[in-house]
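Asker: Structure provided below as structure tokens; questions to follow.
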Amino acid sequence: MSLIEKIIARAKANKQRIVLPEAEEERTLCAADQVLAQDIADLILIGNPAKVHALAEKHGLKNIDKATLIDPENYERSEELAQLLFQLRQKKGLTLEQAHELVKNPLYLGCMIIKTEGADGQISGALSTTGDTLRPALQIIKTAPGITCVSGAMLMITDKPEYGEDGVLVFADVAVTPMPDAQQLGQIAVCAAQTAKSVAGFAEPRVAMCSFSTKGSASHEVVDKVVEATAVAKQLDPTLKIDGELQADAALVPSVGSKKAPGSEIAGKANVLVFPNLEVGNIGYKLVQRLAGAQALGPILQGIARPVNDLSRGCSVEDIVNLVAITACQAMDAKK
């Protein structure tokens, strides 16, 4: 069974309520039909009912009626949610009139439904920008306790079973925070370990804080940041198996790890790699994807109190189905 098949199986075993606020978008609706047919999740679709039904008929979709369909222009809870949004954001200058308009925005409406525990997660991005996806999530759902920054993890699925967890590794941050400070980098490490558990299914995440130095082999302020971030992560989660700073070969290759970092329980055994900044993480995952032929699954947004994930606007129907299952697995973990 492949990793994505395992993720889908976990989602089916404990169905979550996932919001798709771009229900008038063709790929999204086709993916929703597949999710409902396979019983992967319970779906809340936001869109104009006439447009959604016309699109379903056009594509011969037979399962859309299994979803809850909400018209953002005529939702029975609009007044209640507008009042709540006003309370949440009035200190930031939001007026009640603006709140009434915002709850007609599907991305905001979906996050308000999650905020009031009517759903467990949300996916958008087939039509919307990353900023439009994240803005309501951060304003309404906010970050998880102890976390102040959002980051993006990528599941790297390789044909090298000797590395990571039978060839699977988690890379972070690859998508969101360009230059994290030590506090943020430590938080990214903790969140990446959670993603490794909840999504990749790792029983024991082993986190390597990557740098161009291993255990003091080089001296530089960026190395110092990684060392400090490692201490931050340990403070946030004392049970976390983590070590740093480690070069990539020391993190992954047992023979190298034993020479460069003798006594480390992570060196040569890491299955989660945390990079010192977004530039390194993004370049690194793309090199592994292209040169090594690895499958890159994600990015998976992490650090939000309830999962909100961002699609590429070039996404496929399969991408959306897979991200629904991933979001469902994150939602299970968020409830613990």
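The values are calculated or read from the model by the stated rules, or taken from the named source; none is laboratory data. Here the structure is a predicted model, which means the values were calculated and not measured. A quick note on method: Cβ atoms are made from the backbone with ideal geometry, for glycine too, and the neighbour counts reach across all protein chains shown. Surface areas here come from the heavy atoms of the whole protein model, side chains and all, with no ligands, DNA or RNA. Shrake-Rupley method; radii C 1.70, N 1.55, O 1.52, S 1.80 Å.
Asker: Is it the case that some residue within region 308-315 is in contact (Cβ under 8 Å) with a residue 60 or more places away in the chain, surrounded by fewer than 19 Cβ atoms within 10 Å (Cβ to Cβ) and within 23 Å of Asp166 (Cα to Cα)?
Answerer: no
Asker: Determine which member of the set Ala261, Ala267, Ala331 is touching a Gly at 6+ places or on another chain (Cβ under 7 Å), farther than 30 Å from Ile40 by Cα and buried (at least 22 other Cβ atoms within 10 Å of the Cβ).
Answerer: Result: Ala267 is the single residue among Ala261, Ala267, Ala331 that is touching a Gly at 6+ places or on another chain (Cβ under 7 Å), farther than 30 Å from Ile40 by Cα and buried (at least 22 other Cβ atoms within 10 Å of the Cβ).
Asker: Any idea which of (1) among the charged types (D, E, K, R); (2) outside any loop (DSSP other than H, G, I, E, B); (3) within 30 Å of Gln38 (Cβ to Cβ) is the one Arg306 doesn't satisfy?
Answerer: Looking at each condition in turn, Arg306 falls short on (2).
Asker: Is it the case that some residue within region 45-55 is touching a Pro at 6+ places or on another chain (Cβ under 9 Å), crowded, with 23+ Cβ neighbours inside 10 Å and touching a residue at least 60 places away in the same chain (Cβ under 8 Å)?
Answerer: Yes, the conditions are met somewhere in region 45-55.
Asker: While we're here: Which of the residues that make up region 190-238 are open to solvent by 10 Å² or more (accessible area, probe 1.4 Å), over 23 Å from the mean Cα position of the chain (by Cα) and aliphatic (A, V, I, L, M)?
Answerer: Ala218, Val222, Val227, Ala231 - these are the residues of region 190-238 that are open to solvent by 10 Å² or more (accessible area, probe 1.4 Å), over 23 Å from the mean Cα position of the chain (by Cα) and aliphatic (A, V, I, L, M).
Asker: Being open to solvent by 10 Å² or more (accessible area, probe 1.4 Å), closer than 24 Å to Ser198 by Cα, in a helix (DSSP H, G or I) and of a type outside the set (S, T, N, Q) narrows it down to one residue among Ala32, Ala9; which is it?
Answerer: Selected residue: Ala9, the only one of Ala32, Ala9 that is open to solvent by 10 Å² or more (accessible area, probe 1.4 Å), closer than 24 Å to Ser198 by Cα, in a helix (DSSP H, G or I) and of a type outside the set (S, T, N, Q).
Asker: OK, next. Within region 56-71, take every residue that is among the charged types (D, E, K, R) and assigned to a helix (DSSP H, G or I) and give me the one that is surrounded by the most Cβ atoms within 10 Å (Cβ to Cβ).
Answerer: Applying the filter and picking the extreme gives Lys66.
Asker: On to the next question. Among the residues of region 12-29, which ones are open to solvent by less than 10 Å² (accessible area, probe 1.4 Å) and free of Cβ contacts under 8 Å to residues at least 40 places away in the same chain?
Answerer: Within region 12-29, just Leu29 meets the criteria.
Asker: Could you list all residues from region 222-248 that are in a loop (DSSP other than H, G, I, E, B) and within 12 Å of Leu185 (Cα to Cα)?
Answerer: The answer is none; no residue qualifies.
Asker: Still on this structure, I have one more. Which numbered condition in (1) modelled with pLDDT of 95 or more; (2) in contact with a helix residue (DSSP H, G or I) (Cβ under 9 Å, 6 or more places away or on another chain) is the only one that Leu311 fails?
Answerer: Condition (1) is where Leu311 drops out.
Asker: Any idea which of (1) at pLDDT below 95; (2) assigned to a helix (DSSP H, G or I); (3) farther than 20 Å from Ser151 by Cβ is the one Asp333 doesn't satisfy?
Answerer: (3)
Asker: While we're on this one: If you scan region 107-149, which residues turn out to be crowded, with 24+ Cβ neighbours inside 10 Å and in a strand (DSSP E or B)?
Answerer: Gly121, Gln122, Ile123, Ser124
Asker: Quick one: Ile300 ticks every box in (1) assigned to a strand (DSSP E or B); (2) farther than 17 Å from Cys191 by Cα; (3) not aromatic (Phe, Trp, Tyr) bar one, so which box is it?
Answerer: Looking at each condition in turn, Ile300 falls short on (2).
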